[in-house]
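The values are calculated or read from the model by the stated rules, or taken from the named source; none is laboratory data. All values derive from a computational prediction rather than experimental measurement. All Cβ positions, glycine included, derive from the backbone under ideal geometry; neighbour counts span all protein chains shown. Keep in mind that these areas ignore ligands, DNA and RNA; they rest on the heavy atoms of the full protein, side chains included. Shrake-Rupley method; radii C 1.70, N 1.55, O 1.52, S 1.80 Å.
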Amino acid sequence: MPSLCRSCDAVSDSPGRLCVLCGSRLSVSHAELLTLAIAHVDCDAFYASVEKRDRPELAAKPLIVGGGQRGVVTTACYIARLSGVRSAMPMFKAVKLCPEAVILPPDMAKYAVESRRIRALMRDLTPLVEPLSIDEAALDLSGTEALHRAPPAVMLARLARRVESEIGVTISIGLGPNRLLAKLAAERDKPRGFSVIGAEAAALLAPEPISLLPGMGPAATARLAGIGLTRIGQLQALDDGAALRLLGTDGPALVHRARGEDSRRVEPFRETKSVSAETTFARDLSGVAELEAVLWRIAEKLAARLRAGGWAAGGLTLKLKTGRHVLRTRSQRLATPTALPDLLFATGRSMLARETDGTAFRLLGLGAQPLRPAADADPIDLADPDAARRVARQKAVDKLRDRFGATIIGRGRGLKA
Amino acid sequence: MKFKAERAVLLKALAHVQSVVEKRNTIPILANLMMSVKDGTLTLTATDMEIAIVEQIAATTLQDGAATAPAATLYEIVRKLPEGAEVEFNHPGGDAPLALRAGRYATSLMVLPVDDFPSMTAGSLAHSFRLPAQLLRGMIDRTRFAISTEETRYYLNGIYLHTAAGSDGVKMLRAVATDGHRLARVEEPLPEGAEAIPGVIIPRKTVAEARKLLDESQEDVEIALSETRIQFTLGTVRLTSKLIDGTFPEYERVIPRDNDKILRVGKKDFAEAVARVSAISTERSRPVKLALGPDLLTLSAASPEQGSATEELDGGRVTYASAPLEIGFQARYLNDITDQIGGEVEFLFSDGSAPTVVRDAGDASALYVLMPMRV
């Protein structure tokens, strides 16, 4: 079975604990190590790692990146994780678990810069890099061996070393025959990991809980448990007919995933499908006026993002999260595409009006989907004699903001609350 | 309650009133219609709380009284009874089922309490006037296609009926509808009694129900209205409806005044050419492009999957003397308008992206505005 030393790229046929050339303990072995080409790369505790890099004095301390007076944990470093702190955990709970932790507010702009730098290093390996989030990407290295004169596994080991030395954070790599297995592999060995899943996928997955599969959240897992399905192996045993009958229309696809099958390609230029803006409040809000004040700011932010991307909203989704973390989304198609904050706000407000029944909300968001080209936005509207004037007004506002900054001019409505 | 009625007479009345009953109802009584009989007259009433239709027909009264019965079922039964049958209804009162007999056929229908049946009062209708059924039909047909279905702009979900000064300054009765993409405006001489009517927005469903009743009629329609209600009376049928509580946009401001590029084309030639070139695309919202040159109109359409089509209309069939122009419209919107035009269509263009005015060259009472699409 081929074995790769992740420190010196030495490939040998005898998996041992130490590399014969450099003595490193970091090695990875797998029967298909030198042929598999789809990778999933995930940065380890990305925000926390970037912060620790910039503040070496925090290196040995538990660090939590998260925000606000009542926010949640965005990222916890691996030291904080030892105390049980997890992402998305309410901050008060995290502080209780790990009182000595250092807490820093997230600096998204900084992380975005680092993310782009890492992505650039990835593109040195292959043009087929599909960013999945700020700290995750799928890579297809098929056919690159001739160019690099090294198999994908070796190139990935080099990437990990480059990211460590040039960016100062560590990554975990999953290698597999498809995106699903690459992702599952990456999750198996973290942090600073390198894991491979190949032909043994089905056997490997069989004893695992169904919740391991992407897309299987608590609700879906509970539903399957209700019909006696808890292990991936049980899903693997179903044929398409049984899957359809037992699990509904998505059943056959789920069974294929359970078997480790995935036909999705790595697509570097995946089109933007939606643009959104949202905010979590400092305290729960239930009043119509307070919520509308926030909605206006979000509508303005969304309008600005649409404009920046050259888009207009063909439909609008209102997203609300109640104080008890129950998600509510409401969608509406727009009669004509728009990028005007006024119209985004008006549509959002009519959807919001149906939800403001005294429920306390912690989060409010607006999403534009489907997206339409900006050129189709806000045409002359025979039913709205003021439409043309509104478009002209917004253009003037945008011009002022481009020149003097976003705060130079705004609606009175935006000053409330 | 006990009475007999002729199947044909009953069926016609049932067809009118049951049509207002919503197919899916959360309030059970709204699925029923009320029948009440007195002194040889049967009164049938159905309502969806927005619209009520009341129709009176002759019946042989055996015992005065009232009952409610499921509208759709009753209509289906009567429709399936043999022609010429005499139908007998008998309801002893209370919760007892309604017995219906015709010849050797008998059925019993569950009833709901008469007291639960909502009554829709018209209140006082300060204005009333009469219009020939044919004229009202024309006003509806030439505007209703432009009624919006967009729920957020509920004030566009109907026909705006109001008075306004026509081109020569004389006050006219106007009907206007728009969905933002097209606008239809029809005006007719102001009938006596309509001088002071408020502008009202008649809901789409009311328009549709009224239009059905008008179908069969050659007489005058009596229209009575207030700010909140409108009532159409045709012979023995009376339709009362709530009005949309909203403000119709100031549509006059969007009607272009200075469009000076004039195209005239025969309606039949044009409509058929539009149908032929747009057949290339199954996607209904794809544009048909009109390219104009001196006495030449080239229509074209393309579909990325299926290909393209063009058709030329020249000299004998088209008059155009202005600068060359290219403009695109949704085929369906063009059809909706040309369907309402008799002989010759007149287009008044400004440029390829500005609202276009369409008229019937032989009829000044209607005016249409159409927004172009990018091509």
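Accessible surface for region A:275-414, divided over its residues, is 49 Å² per residue with a 1.4 Å probe. Volume per residue for the protein assembly as shown equals 253 cubic angstrom (convex hull of Cα atoms). Normalising the Debye intensity of chain B to I(0), with uniform scatterers on Cα atoms only, and taking log10 at q = 0.09, 0.12 Å⁻¹ returns -0.64, -0.94.
Filter the trypsin sites (Lys or Arg not before Pro) in region B:98-155 down to the DSSP loop ones having no more than 13 other Cβ atoms within 10 Å, then list what survives. Mind showing how you got there, number by number?
Working: sites: B:R101, B:R104, B:R130, B:R137, B:R142, B:R144, B:R153; in loops: B:R104, B:R142.
Those satisfying the criteria are B:R104.
Shown for region A:275-414 is the translational diffusion coefficient from the Stokes-Einstein equation, using the Kirkwood radius over Cα pairs, a temperature of 10 °C and a viscosity of 1.306 mPa s: 103 µm²/s. Remark: region B:1-143 carries 49 Å² of accessible area per residue (probe radius 1.4 Å; ligands, DNA and RNA excluded).
Per residue, the average separation of C-alpha pairs within less than 8 Å and at least 6 apart gives chain B a relative contact order of 13 percent. In region A:304-417, taking the dipole from charged Cβ atoms about the Cα centre, the farthest positive-side position among A:G310, A:T336, A:A377 is held by A:G310. Taken along the Cα-to-beta-carbon direction at a fixed 7 Å, the label points for A:D386 and B:E283 span 3.4 nm. Where the alpha-carbon atoms of region A:31-199 are placed on the principal axes, they occupy 52, 30, 24 Å, in descending order. Just grab the label-to-label distance for A:L415 and A:R283, each label 7 Å out from Cα along the Cβ direction, in nm (one decimal). Spacing of the two 7 Å Cα→Cβ label points: 2.4 nm.
Normalised by the number of residues in chain A, the mean separation of alpha-carbon contacts (under 8 Å, six or more apart) gives a relative contact order of 12 percent. Each Lys or Arg adds one and each Asp or Glu takes one away; over the other residues whose Cβ falls under 13 Å from the Cβ of B:I327, this sums to +1. For region A:206-258, the Cβ-based charge dipole about the Cα centre amounts to some 120 debye (Lys, Arg positive; Asp, Glu negative; other atoms uncharged). Of the solvent-accessible surface of chain B, computed with a 1.4 Å probe and all protein chains present, 48% belongs to carbon and sulfur. For the pair A:K399 and A:R117 in one chain, pulling the backbone fully straight at 0.36 nm per residue adds 98.4 nm over the alpha carbon distance.
Please get the size of the charge dipole for chain B, origin at its Cα centre, with Cβ charges of +1 on Lys and Arg and -1 on Asp and Glu, quoted in debye to the nearest 20. Intermediate values should be presented prior to the final figure.
On the way: 41 positive and 51 negative charges, 140 e Å.
Roughly 680 debye for chain B.
Between A:C22 and A:A353, what FRET efficiency comes out of the Förster formula 1/(1 + (r/R0)^6) with R0 = 56 Å and r the beta carbon distance, rounded to 0.05? That pair, A:A353 with A:C22, gives E of 0.25.
When the alpha carbon coordinates of region B:77-124 are projected onto the principal axes, the ranges are 44, 27, 14 Å, largest first.
Could you work out the equivalent-ellipsoid semi-axes for region A:206-258, taking the square root of 5 times each eigenvalue of the Cα gyration tensor, largest first, in whole Å?
Details: eigenvalues 44, 28, 21 Å².
In descending order the semi-axes read 15, 12, 10 Å.
The P(r) of region A:323-363 has a tail past 13 Å containing 60 percent of all C-alpha pairs.
How much net charge surrounds A:Q234 when only the other residues with a Cβ under 15 Å from the Cβ of A:Q234 are counted, with Lys and Arg +1 and Asp and Glu -1? Within the 15 Å Cβ shell, the charges total +3.
Out of B:T178, B:T68, B:T149, any idea which swings most in a Gaussian network model of chain B, alpha carbons joined below 10 Å? Largest GNM mean-square fluctuation: B:T149. Distance from the Cα centroid of region A:144-160 to that of region A:337-407 is 48 Å (rounded to whole angstrom). B:H91 contributes about 10 Å² of solvent-accessible surface, heavy atoms of the protein only, 1.4 Å probe.
For region B:153-174, backbone nitrogen atoms closer than 12 Å to the point 7 Å from B:A364 Cα along Cα-to-C-beta are found at B:166-170. In this structure, A:T249 and A:A222 have a Cβ-Cβ separation that, at R0 = 25 Å, corresponds to a calculated FRET efficiency of about 0.85. Modelled this way, with points 7 Å down the Cα-to-C-beta line, the labels at A:Q234 and B:E83 are 6.6 nm from one another.
Using only alpha-carbon positions, what ratio does the radius of gyration of region A:9-117 give when scaled by 2.2 N^0.38 Å? Write down the numbers at each step before the final one.
Values: Rg = 18.3 Å, N = 109, 2.2 N^0.38 = 13.1 Å.
For region A:9-117, the normalised Cα radius of gyration is 1.40.
Taking all Cα pairs closer than 8 Å and separated by 6 or more residues, the relative contact order of region A:206-258 comes to 36 percent. Suppose R0 equals 60 Å; then what is the FRET efficiency for B:K23 and A:R192 from their Cβ-Cβ distance, rounded to the nearest 0.05? With R0 = 60 Å, the Cβ-Cβ based efficiency is 0.40. The distance linking region B:318-375 with region A:1-44 is 72 Å (Cα centroid to Cα centroid, whole angstrom). Using the 1.4 Å probe convention, the accessible area of region A:85-167 works out to 50 Å² per residue with neighbouring protein chains retained.
Where does chain A land on the Kirkwood hydrodynamic radius, alpha-carbon pairs, in angstrom? Numbers along the way, then the final one.
Values: mean 1/r = 0.0408 Å⁻¹.
It is 24.5 Å.
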